[in-house]
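These notes are about the structure you will find just below.
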Amino acid sequence: MFIDSISIKVQGGRGGNGCMSFRREKYVPLGGPDGGCGGAGGNVVLEADERYQTLHDFNYQRHYTAKRGQHGKSANMTGRTGEDLVLKVPPGTLVRDVATGELLADMVENGQRFVVAAGGRGGRGNLCFQSANNKAPRRADDGQEGEYREIELELKLLADVGIAGLPNAGKSTLISRISSARPKIADYPFTTLVPQLGVVKVSDYQSMVVADIPGLIRGASEGVGLGHQFLKHIERTSLILHLVDLATDEYDIEEAYSIVDEELRAYGDELARKHRIVVGTKTDSCQDSDRLQKIRKLAEENGFDIIFISSITGDNLDALVRLAWEKLCDIRGIHEVQ
Ligand SMILES: Nc1nc2c(ncn2[C@@H]2O[C@H](COP(=O)(O)OP(=O)(O)OP(=O)(O)O)[C@@H](O)[C@H]2O)c(=O)[nH]1
Ligand SMILES: [Mg+2]
């Protein structure tokens, strides 16, 4: 199951109570107070971990509380601090406070940590209250409650390149050929039900992450089909590969192009403004070279790059990877060292 939005409740551990105690030893009359402080409660910490790709695990448990701090003890012993509770989230997870709607964190980097609910402070033991006026205080504080929050986790996958197209355009086949991802591929629409990430190796030390999302159909941006809810996963990419099937008779080629084009634009400015490479797919079984001309014209009119590939024969796949990489470097202002 692919879960990309969920709300959970988190609570820091309670602080341990302070101790009220007096030193009682043989030959030490009026030994004075010796109650130690309570330990602080543990924090609930979110940590981005690239081994996770969905928020699925949170589906089973919605309430998380970190460990409480130990109480203080006599002989001025401070209670042990409660252990932090670390919750792993996939990189790309946005964290919002449900009550205020405030964006608390964007967990972008692998390993990034964020304390989402701090543990309560430990209470002071009676030793802390000793003063010149009060040599034998009978006061010790209780530990404080940990912070409580209801938070919404929303995953927007982090990928460099997004793949968009009609169902059956060959998106999954492409990602399976250029990356290590092995998505399901079949000759019926909506084979891909959830986004898939693949790492494409560009050279020995360079790679880019590509996201394959479910097929878009007309009206996707208004909620038809599967596509719309997944478009957010290409919101953060720098580049979109817009795949157009050259072999199908189901649509005329201009229509095939414009359905996806309109859906991307309708989703919002962010996607509309993104650079695109139009990719004509399945050249091996394209009967009609007119289609290539038409699609080239459309791409050029819009200022997009155009390339024709076959994922079955492998034709032009290297060139596509190269082109996508160059575009990425351009967009991000990185100058490649050859
Ligand atoms: N001849 C030919 N067939 C291809 C090529 N690429 C993909 N196909 C076929 O097209 C069909 C659909 O491929 P998928 O990769 O599943 O398409 P998709 O775009 O991921 O489809 P959805 O996940 O349903 O949106 C499969 O039967 C593939 O074998 C190609 O380059 N040439
Ligand atoms: Mg697919």
Checklist entry - Restricting attention to the range 301-313, does a residue exist that is touching a residue at least 40 places away in the same chain (Cβ under 8 Å), over 14 Å from residue 240 (Cβ atoms) and out of contact with any strand residue (DSSP E or B) (no Cβ under 8 Å at 6 or more places or on another chain)? => result yes
Item to check | Residue pairs meeting the criteria (Cβ under 8 Å; at least 6 apart or on separate chains; first of a type in the set (Gly, Ala, Ser), in the range 150-168; second assigned to a loop (DSSP other than H, G, I, E, B) and more than 15 Å from ligand 1 (Cβ to nearest atom)) | outcome: 159/236; 159/237; 162/237
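Yes or no: residue 125 crowded, with 16+ Cβ neighbours inside 10 Å and touching a strand residue (DSSP E or B) at 6+ places or on another chain (Cβ under 6 Å)? Show your work before the answer.
Numbers: crowded, with 16+ Cβ neighbours inside 10 Å: yes; touching a strand residue (DSSP E or B) at 6+ places or on another chain (Cβ under 6 Å): no.
Here the answer is no, as residue 125 does not meet what is asked.
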Item to check | Residue satisfying condition, being of a type outside the set (A, V, I, L, M) and in contact (Cβ under 8 Å) with a residue 12 or more places away in the chain, within set 96, 24 | outcome: 96
Item to check | Among the candidates 40, 75, 99, residue that is part of a loop (DSSP other than H, G, I, E, B), small (Gly, Ala, Ser) and at pLDDT below 95 | outcome: 75
Item to check | Residue among 247, 256, 266 that is within 13 Å of ligand 1 (Cβ to nearest atom) and part of a helix (DSSP H, G or I) | outcome: 256
Checklist outcome for this item: Inside the range 155-182, the number of residues satisfying the requirement of being closer than 19 Å to residue 54 by Cβ, open to solvent by 20 Å² or more (accessible area, probe 1.4 Å) and within 13 Å of ligand 1 (Cβ to nearest atom) is 1
Next on the checklist: Checking the structure you have, find out if any residue of the range 206-218 is out of contact with any helix residue (DSSP H, G or I) (no Cβ under 7 Å at 6 or more places or on another chain) and within 12 Å of ligand 1 (Cβ to nearest atom).
Outcome noted: no
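The values are calculated or read from the model by the stated rules, or taken from the named source; none is laboratory data. The shown structure was predicted, so the numbers you read here are calculated from the model rather than taken from an experiment. Quick reminder, even Gly has a Cβ in these numbers, built from the backbone with ideal geometry, and neighbours come from all protein chains shown. The protein model used for the area step is the full one, side chains on, heavy atoms only, and it has no ligands, DNA or RNA in it. Shrake-Rupley method; radii C 1.70, N 1.55, O 1.52, S 1.80 Å.
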